[in-house]
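One structure, as structure tokens, below. Some questions next.
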Amino acid sequence: MVAIAISKNGKRGARPMAARLVSRILAVLASHNIALALMGLLLFSLAVQAALPQRGVATDLQYTMWRARYPFIARLAETTGLDRVASMPWFWAISVVLALALSVSVSRRAWRLARRGASPRGPRAEVSLAASSDVPANVESMLRSKRYAVATQGLGIAARTGAIGPWGSLLFHAGLLVLIAGAFLSAATRFVGYVELAPGQVFQERNGYAQQRSGPLASSQPMLTAYVEDLSLTFWPDGSVKSISANAALNSGSGGEDAGDIGRNGSLRVGATTLTLGSPLGPAALLRYTPNSDSQPAEGYLNFFEVSGRLVNRFNVPGTDASFQAEMSGDWRSALEGKPGASVWLEMRPERSAPGAARERVDMGAKMPLAGGTLEFAGVRPWALFMVSRDVGYPVLLAGALLAILGLTLALFVSPRWVFLSCNGDGWRLSLQGPGPRDRLERDLRALAASVSPPVRQ
């Protein structure tokens, strides 16, 4: 059928080309097949992101190890862009078109439901009632007692229940639309920064992170402060970490603060900013260096990292150009657990010395001369990697998820039903229509008919 319009001279003519084009585009976007195809592509891209390490998400070491283990798959992923799906234009194009399709579909269905309500659909079951003038009144009373919305016209009756059920599918798709919007907002504003902290250390964002990733619209909080008062660790007999907890505080600098004990992957939250205790951890040596001159002593933590089974790090002597390769040895796990008598020591070797040069050893609680001063190994405390993240899109994602769950619940558990009573000449016909299996519909109809007097015609 060709749509027509009235021209200025009073004659009917075809609609303008632009109007027909817009109408066609809207019809295509509202198509269920298009929406299903786009959702399939989006799910495929999400599955690829879950299966393959993604640049910018996996660490450089993780990606390098995966590339060395699966060289063919890595080359294929790098050629096709599957190693950076979230940053590819086609991924965002799919998301935008799917968002438009859902917007058109949701708005059109909401308009129809608001104006006309849900139309009867699904299988229909019928049963005959004995001829009696009391049937319409009895049926109406029965339906109202069961909370049906009843309308009468002449001798006929039309009733409906579960009117909110058809809105379930609409709310579910609206939730998906909000989720997509939240994903866009999260990708644009998300910030993630990593910082290593030991007990007693304070971190301020203006001093910078060890590593960070941010979206194009991510905001900064120069006055943000994180403080770790205490950090405790326990180990299994094989040396793996049994538990880790931290007493920490997070201050946004604008009045918001959260403090308390958090375990592994636990978080403190102030507004949209979260401080999370991560898994990477290790021992930190509390070092105190006192120059032979009248300068003030310098004190701080030196975090040690495991490399090829050895705990090492570089130590730069404060106030000098001297640097040493430091290695921690001994029962440092017992020292971190606070067990008395744990033996831990450091071995220091100048960086510019020959590879086989002798190392100088200092035990925990002892001192040693170093670079024109005295170095004291005061103790061992644990350090852990903390993640500072900000995600403005998180509340939107949560709202979208809740909306989708609500819609799915309504669609699955609230079934709309339509009941019709009509006169068929020598009696009455009671009909029940709605989605679902026909045998269940017939069973429900018999239950309705049994509560009507006079009874069902035999």
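What number of residues within the stretch 154-205 are charged (D, E, K, R), in contact with a Ser or Thr (Cβ under 8 Å, 6 or more places away or on another chain) and not in a helix (DSSP H, G or I)? Spell out how you get there, then give the answer.
Within the stretch 154-205, the first condition is being charged (D, E, K, R), and the residues that meet it are 160, 190, 196, 205.
When the remaining residues are screened for being in contact with a Ser or Thr (Cβ under 8 Å, 6 or more places away or on another chain), the result is 190, 205.
The next check asks that each one be not in a helix (DSSP H, G or I); those that pass are 190.
Result for the stretch 154-205: 1.
Moving to a separate point now. Condition first: more than 26 Å from G215 (Cα to Cα) and aliphatic (A, V, I, L, M). Now tell me which residues in the stretch 71-100 satisfy that.
Start the filter on the stretch 71-100 by keeping residues that are more than 26 Å from G215 (Cα to Cα), which leaves 71-73, 75-76.
Across the stretch 71-100, the qualifying residues are I73, L76.
Conditions (1) of a type in the set (G, A, S); (2) without any contact (Cβ under 8 Å) to a residue 40 or more places away in the chain; (3) closer than 18 Å to G393 by Cα, marked per residue:
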| position | (1), (2), (3) |
| --- | --- |
| G154 | yes, yes, no |
| L170 | no, no, no |
| L177 | no, no, yes |
| V192 | no, no, yes |
| P222 | no, yes, no |
| F235 | no, no, no |
| N251 | no, yes, no |
| G256 | yes, yes, no |
| R269 | no, yes, yes |
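Kindly check whether there is at least one residue in the stretch 115-128 that is basic (K, R), under 30 Å from L100 (Cβ atoms) and without any contact (Cβ under 8 Å) to a residue 12 or more places away in the chain.
Within the stretch 115-128, the first condition is being basic (K, R), and the residues that meet it are 115-116, 121, 124.
Imposing the further condition that a residue be under 30 Å from L100 (Cβ atoms) reduces the set to 115-116, 121.
Checking which are without any contact (Cβ under 8 Å) to a residue 12 or more places away in the chain leaves us with 115-116.
Checking the stretch 115-128: at least one residue is basic (K, R), under 30 Å from L100 (Cβ atoms) and without any contact (Cβ under 8 Å) to a residue 12 or more places away in the chain.
Consider A335 against the criteria (1) under 34 Å from the mean Cα position of the chain (by Cα); (2) not basic (K, R); (3) not in a strand (DSSP E or B): it satisfies all of them except one. Which criterion is unmet?
The single condition A335 does not satisfy is (1).
Would you point out which residue out of T59, T80 is hydroxyl-bearing (S, T, Y), modelled with pLDDT of 80 or more and over 30 Å from L441 (Cα atoms)? Explain how you work it out, then say what you get.
Values: T59 fails: modelled with pLDDT of 80 or more.
Selected residue: T80, the only one of T59, T80 that is hydroxyl-bearing (S, T, Y), modelled with pLDDT of 80 or more and over 30 Å from L441 (Cα atoms).
When the residues of the stretch 307-330 are filtered to those that are within 40 Å of the chain's Cα centre (by Cα) and not in a strand (DSSP E or B), which remaining residue is farthest from R381 (Cα to Cα)?
For the stretch 307-330, the residue satisfying everything is S308.
Out of (1) more than 25 Å from D331 (Cβ to Cβ); (2) surrounded by 14 or more Cβ atoms within 10 Å (Cβ to Cβ); (3) modelled with pLDDT of 90 or more, what's the single condition that is false for G260?
Among (1) more than 25 Å from D331 (Cβ to Cβ); (2) surrounded by 14 or more Cβ atoms within 10 Å (Cβ to Cβ); (3) modelled with pLDDT of 90 or more, G260 violates only (2).
Ok, one more. Can you give me the ranges of the helices (runs of 4 or more DSSP H) entirely in the stretch 60-130 with at least 1 residues that are touching a Lys or Arg at 6+ places or on another chain (Cβ under 8 Å) and more than 30 Å from A163 (Cα to Cα)?
Details: elements: 60-69, 71-80, 89-116.
Hits in the stretch 60-130: 60-69, 71-80.
Also, I was wondering about something else. Which number in (1) among the aliphatic types (A, V, I, L, M); (2) under 26 Å from A326 (Cβ atoms); (3) out of contact with any strand residue (DSSP E or B) (no Cβ under 7 Å at 6 or more places or on another chain) marks the one condition that A285 misses?
Here A285 meets the rest and fails (3).
Go through the stretch 139-194 residue by residue and tally those that are more than 17 Å from the chain's Cα centre (by Cα) and over 20 Å from S95 (Cβ atoms). If you could, list the steps in order and put the result at the bottom.
From the stretch 139-194, those more than 17 Å from the chain's Cα centre (by Cα) are 139-174, 193-194; that's our starting set.
If we keep only those that are over 20 Å from S95 (Cβ atoms) too, we end up with 139-171, 193-194.
Within the stretch 139-194, residues that are more than 17 Å from the chain's Cα centre (by Cα) and over 20 Å from S95 (Cβ atoms) number 35.
The values are calculated or read from the model by the stated rules, or taken from the named source; none is laboratory data. This structure is a prediction, so every number in the text was calculated from the model and none was measured. Here the Cβ is made from the backbone with ideal geometry for all residues, glycine too, and neighbour counts use every protein chain on show.
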